[in-house]
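The values are calculated or read from the model by the stated rules, or taken from the named source; none is laboratory data. Values in this document were obtained by computation on a predicted structure and should not be read as measured data. Here Cβ is always computed from backbone atoms with ideal geometry, including for glycine, and neighbour counts include all displayed protein chains.
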Amino acid sequence: MRDRAIVFVHGLHGDKESWRAANGAYWPDMVRTDPRFAYSDVDVAEYPSPNSNGKMSSVQLAEYLWNNLRQNRVWDHREVVFVAHSLGGILVEEMLLLHPAQAPQVKLIVSYGTPHEGSTVARVAAFYDKDPLLNDLSDAGSNTFLTKLEDTWRSRPAVNSIHRFCAYEGQDTRPDQGFVRYLRPHTRVVGYFSATYGCDVTTPPQEIPADHIGMIKPLNRNAPAYDFFRRVYRDNPILQEQDTIKESTVGGLTAGCGQTNTNPDLQVPINLDSSLHERVSAATALLVNQVDVHDVDPSPPVVTKIDLDGTAHVRYGFKGPGRKLIVCTGTGRAAVEVQFTVHQQVPLREPANR
C-alpha cells in the first residue's frame with residue numbers, strides 16, 4: 001500500500017465509465033501508469049445514481065460512498081486525494097462532514113463542474129424527475145441544502161483546512177445528454193461562479209474546453225483536465241513525517257571568583273523552517289564548554305517551557321572558582337546548549353516530477 005490514495009468520484013447519473021474518453025483512454029488508468037503519481041494508489045468509487053427517478057438523498061449517498069471507500073481500504077492510506085465530478089464533489093464534502101475522523105487524511109479535493117451554488121438545469125429537471133438529488137443541486141432560492149453545506153464546511157475546523165481546487169466547463173452541453181434532455185437548447189450545466197465558489201484562490205480555477213459530460217474524459221495526459229490535476233498534485237506533494245535534532249547554544253556565561261551565575265528563565269531560540277512545517281516537540285538542556293565551573297544546580301539545566309515559536313525557557317545555575325587563601329584563581333565560563341526535537345513534514349516527490 002502506498003502513502004496516498006487518489007479517489008475518482010463520478011457525478012449525477014454517472015458510473016465508473018464516466019471517466020472514459022471517446023478514444024478509449026481511461027483517466028484512472030492513465031494515472032495508475034503515470035510515474036508522476038508513483039507514490040499513490042488509485043481507486044474509482046461508485047454509488048447508485050440511475051438516469052431517472054432515483055430515490056436516495058445526498059446524505060444517503062454520502063454514507064454509501066464512505067462505506068464503499070472503507071471496503072476498498074482507502075482510509076488505510078496516510079493521505080487521500082479526491083478527483084470529483086459534479087455531484088461527486090458535493091458528496092465528498094457531505095461525507096467528510098458526516099465522518100470528520102477521516103478529514104485529517106484528506107489532502108485536497110479537485111472538483112470538475114461541481115455546482116457549489118446549484119444548477120439551473122437541475123432546477124428545471126426537478127419538475128420532470130422526482131429524484132431528490134435534483135432538488136439538492138437546484139439553484140432555486142428555496143434550496144437551503146447547498147447553503148447549509150458550505151456554511152457547515154467553513155465552520156468545522158476538521159474540514160475547512162482541506163484544499164479545494166476547481167475546474168469549470170467551457171462549452172455548453174447538448175440537450176440529448178443526461179438530465180439536460182429536459183432542455184431544448186444547448187446549455188451550460190454548471191456556470192463559472194457555481195463551479196468555483198468556495199475554492200482555493202492560491203490556484204486559479206481552470207477552464208476545461210469541453211462540456212459538462214466531456215470535461216472529465218481527457219484524451220491523453222496533455223489534455224487540460226489531466227494537466228490541471230497533475231499540476232495541483234505536484235504543488236501539494238505527499239508529506240513524510242519525521243523528527244530531527246537541532247541544537248542552539250547561548251554562550252558567554254561567566255561567574256567570577258566566589259560568585260554564582262543563575263537564571264530562572266534563559267530564553268534559547270531556534271530557527272524553524274516554515275516550508276517544512278517544523279515545530280518543536282521536545283527539548284533538553286546541557287551545560288557545555290565548562291571552564292572552572294563548580295556546583296552546577298540544577299544539573300543538568302531544566303527546560304521549563306517551550307513557546308509556540310520553538311523558543312526554550314531554561315533554568316540553570318553554577319558557581320565560579322573559590323578563593324585559594326587570599327588569591328582568586330580565575331573566572332568560571334560555560335554555555336547552555338539546548339537540543340530540540342523538531343517535527344518536520346518533508347515533501348516526498350515522485351522521481352519523474354518536474
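What the table shows:
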{"read-out": "Answer residue from region 195-205, given it is outside any helix (DSSP H, G or I) and at negative phi and is nearest to the chain's Cα centre (by Cα) among those", "value": "200"}
{"read-out": "Flag for residue 18 being out of contact with any Pro (no Cβ under 8 Å at 6 or more places or on another chain), at pLDDT 95 or above and among the polar types (S, T, N, Q)", "value": "yes"}
{"read-out": "Residue within region 22-39 that is modelled with pLDDT of 95 or more and on the phi > 0 side of the Ramachandran plot present", "value": "yes"}
{"read-out": "Failed criterion for residue 299 (all others in (1) in contact with a Ser or Thr (Cβ under 7 Å, 6 or more places away or on another chain); (2) under 16 Å from residue 255 (Cβ atoms) hold)", "value": "(1)"}
{"read-out": "Single condition residue 145 does not satisfy, out of (1) of a type outside the set (Gly, Ala, Ser); (2) closer than 22 Å to residue 92 by Cα; (3) modelled with pLDDT under 75", "value": "(3)"}
{"read-out": "Pairs, first surrounded by 18 or more Cβ atoms within 10 Å (Cβ to Cβ) in region 139-158, second among the hydrophobic types (A, V, I, L, M, F, W, C), C-beta under 6 Å, six or more apart", "value": "153/159"}
{"read-out": "Those residues of region 247-280 which are basic (Lys, Arg) and within 17 Å of residue 297 (Cα to Cα), in sequence order", "value": "none"}
{"read-out": "Strands (runs of 3 or more DSSP E) contained in region 285-354 and holding at least 2 residues at pLDDT below 95", "value": "332-348"}
{"read-out": "Candidates 288, 342, 268 - the one that is in contact (Cβ under 8 Å) with a residue 24 or more places away in the chain, more than 30 Å from residue 236 (Cβ to Cβ) and under 38 Å from the mean Cα position of the chain (by Cα)", "value": "268"}
{"read-out": "Qualifying positions in region 35-50 - part of a loop (DSSP other than H, G, I, E, B) and either in contact with a strand residue (DSSP E or B) (Cβ under 8 Å, 6 or more places away or on another chain) or not aliphatic (A, V, I, L, M) (or both)", "value": "39, 46, 47, 48, 49, 50"}
{"read-out": "Search result, residues across region 16-71 that are acidic (Asp, Glu) and farther than 28 Å from residue 349 by Cα", "value": "17, 46, 63"}
{"read-out": "Some residue of region 73-95 being without any contact (Cβ under 8 Å) to a residue 24 or more places away in the chain and under 27 Å from residue 190 (Cα atoms)", "value": "no"}
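Okay, residues lined up against (1) in contact with a Leu (Cβ under 9 Å, 6 or more places away or on another chain); (2) charged (D, E, K, R):
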position	(1), (2)
228	no, no
231	no, yes
235	no, yes
239	yes, no
249	no, no
256	no, no
260	no, no
268	no, no
273	no, yes
